[in-house]
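Rule-based calculations on the coordinates, nothing more; no lab input. All values derive from a computational prediction rather than experimental measurement.
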Amino acid sequence: MPRATPGRRQRGFTLIELLVAIVAMALLALMSWRGIDGMVRAQGQTRERADTVLTLQTALAQWGADLDATLVLPGTQALDWDGQTLRLTRHSAMGDAASVQVVAWTLRTAQNGTQWHRWQSPPFTRRGEWQQAWARAQSWGRSGSSDGQGSDVTVLPLNSWQLFYFSNEVWLPATPSGADASTGPGPGANTANVLPDGIRLVLDIPAGAALSGTLTRDWVRPTFVGPKQ
């Protein structure tokens, strides 16, 4: 058997080598942690953006459904814009073909910022009930109260919103129904109990959200027959 050479010692790690190895491991751990943290942040931002997109899609789908279901009935008003709140009369969304609802959309500022809201009345079948719901929608748009009748849903944060009506092959800003009596309603007012050929919705989404900027959504009356071009 070979014998160990006298005076020869088994060599190990020096203190400097250990320190270098510890520093290298610490750097690798720090880089790994930063990579994981970046992945977590990216996943969170992606999830937040997806939630915001889903909320926006749901809101626009509801907006389009309300306009598609709008009714022009004798003794009622189909659509009214007072510069702050849009009110409309629509088929009931409760599945009862004989009932009607009043729906309103408005922008309201609160402690948590400016939010887009939607209100709807309970379904009804009588003209007198329509008059009450129409008045409640106006009161809700002005003060946020409708005597406990109807449901108020916060839709999404907005800086502002604008409406345009398409009529006679041109887009015009929607003029509030309560225009100055001395000048009369503007060319974009919906004075008759009719629906415009189209309604353009322009939303200003605040910065800092998962989505921001200006969004435009056009709605065309289902029965509208326009020019080929």
The stretch 128-138 - phi-based ³J(HN,Hα) in whole Hz, Karplus 6.51/-1.76/1.60, Gly and Pro as x = x, 5, 5, 4, 5, 5, 5, 5, 5, 4, 5
J(HN,Hα) series, the stretch 80-87, from Karplus relation 6.51 cos²θ - 1.76 cosθ + 1.60, nearest Hz, glycine and proline x | 8, 10, 9, x, 10, 10, 9, 10
